[in-house]
Amino acid sequence: MLDFGGGDEVRFERAGKAGIITLKRPSALNALTQNMALAISRALNDWEEDDRIAVVIIRGEGRAFCAGGDIQAIYRAGRTGSPLYDFFADEYRLNIRIESYSKPYVALIDGIVMGGGVGVSIHGSHRVFTENARFAMPEVTIGFFPDVGGSRFLPRLPGQFGLWLGLTGSRLAWGDSLWSGLATHCVESGDLNAVIDRLSETGDANAVLGTHSQQVPRVIDDAQIDNINLRFDADTIGDLLNGLRSAADRDDEFVTETLAKLGKASPTSLHVAFRQIRAGAMLSMTECMKMEYRIVSRMLEGHDFYEGIRAAVIDKDGAPVWQPGEVGQVDVSQIARYFAPLGSHELSLAAEGNGAPSP
């Protein structure tokens, strides 16, 4: 057993040619904490220089890979006047580290993967989904935005698929994840132990996964993909919604369901996420994460994120009161503030734990 400061939340071990990371908060669906992010970063730094390690494996204990960040801790800190800027800074630096990692990074996604769990998996070189995998980025429904590099990978999915995922929070199973490129391989959950054993023995991720993976058909059909590409090809979130509403009287199930999903989201979050995903198509990973840190710094100062967490996991009443309450009521000029530079408080790439409040 190796100690990189993860305590009881994450376990590190070397097995043959593999460095193995196991997320160990099953009762919290392996929700990512700052301590976990820092420990994983230290392990990656160490293993990249260790010639004995040829491949890194990350997995989750229990029924989830990782269901996101520890939003209850974020809520408590924000309500007491100490927003967790450092947590997001350290998490975003880890996302950058994974995306640029020089060794194969194999994420074994056998269960729920959302939010922070996406950040420690999707940027890796090999994303293995099982039949139990369920991917989603539902952040707009809690007054947040699809962060952890959502601005990097979502606009690079086929057509308007990434924008649809980021704005609706729709869930994907393994076949749709493979088709879209979120997954690189699909492997039966019963074969994961054999995959780990072979990776540990050979260190050859491509060969091992090529042997164990299978082609899984997508569930989303051509008609829905066509609808996504048609309805989400818009210049603004307002145009997108107007287009959907104009088609709502045609008894179109896709339109009806999409409007219902968008109607649950924070109007401010929809504006921010739309701009973020569109902007990310032209940015590098590092540029995306710096942009996302600007956004999160402003959201930690605001209302909707904490209100969304309250409604979803604190009071669990499912009735957030957004401010403002309608997309058309959002002052578009104020959305630009979420993307404005932070001066001396920009995301630093050099050190852990140095996030700071924006000016």
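The values are calculated or read from the model by the stated rules, or taken from the named source; none is laboratory data. This one's a predicted model, so the numbers in the text were calculated from it and none came from an experiment. Cβ: placed from backbone, ideal geometry, glycine included. Neighbour counts: every protein chain shown. Just so you know, the surface numbers come from the protein's heavy atoms only, side chains and all, with ligands and any DNA or RNA stripped out. Shrake-Rupley method; radii C 1.70, N 1.55, O 1.52, S 1.80 Å.
Quick notes on this structure:
- Proximal charge balance of residue 187 [Cβ under 10 Å; K/R count +1, D/E count -1]: -4
- The chain, helix-only ellipticity at 222 nm - DSSP H runs n ≥ 4, -39,500 (n - 2.57), divided by all residues, nearest 500: -12500 deg cm²/dmol
- Shape call, region 282-338: gyration tensor on alpha carbons, a/c limit 1.5: oblate
- Dipole magnitude of region 138-247, debye to nearest 20 (Cβ charges: Lys/Arg +1, Asp/Glu -1, about Cα centre): 220
- With all protein chains kept in place, the per residue accessible area of region 219-322 amounts to 46 square angstrom at a probe of 1.4 angstrom.
- Over region 117-177, accessible surface divided per residue gives 19 Å², non-protein components excluded, 1.4 Å probe.
- Computed over the alpha-carbon pairs of the chain, the distance histogram in 20 Å steps reads 31, 58, 11, 0 percent, short to long.
- Share of Cα-Cα pairs in region 202-274 lying beyond 17 Å, as whole percent: 58
- Each of 1, 285 has its accessible area taken with a 1.4 Å probe; listed largest first, they run 1, 285.
- Fraction of beta bridges assigned by DSSP in the chain that are antiparallel (%, nearest 5): 25
- Nearby lysines by direct alpha-carbon distance to residue 290 (threshold 25 angstrom, same-chain neighbours under 8 apart not counted): 103
- Plainly put, region 169-292 has a radius of gyration that is 1.09 times its Kirkwood radius, both from alpha-carbon atoms, as the Rg/Rh ratio.
- Reachable lysines, given that their alpha-carbon falls under 26 Å from the alpha-carbon of residue 316 and they are not under 8 places away in the same chain: 24, 261, 264
- Length-normalised contact order for the chain - Cα pairs under 8 Å, 6+ apart - percent: 18
- Translational diffusion of region 125-232, estimated by Stokes-Einstein from the Kirkwood radius over alpha carbon pairs at 37 °C in a medium of 0.692 mPa s, is 219 µm² per second.
- Accessible area of the chain belonging to carbon and sulfur atoms, whole % at 1.4 Å probe: 47
- Sorting 218-226, 100-108, 56-64 by average packing, meaning the other beta carbons within 10 Å per residue, from highest down gives 56-64, 100-108, 218-226.
- Dividing the Cα radius of gyration of region 173-227 by 2.2 N^0.38 Å, with N the residue count, gives 1.36.
- Integer Hz, Karplus 6.51/-1.76/1.60 couplings in order for region 136-144, x for Gly and Pro: 7, 10, x, 4, 5, 7, 10, x, 10
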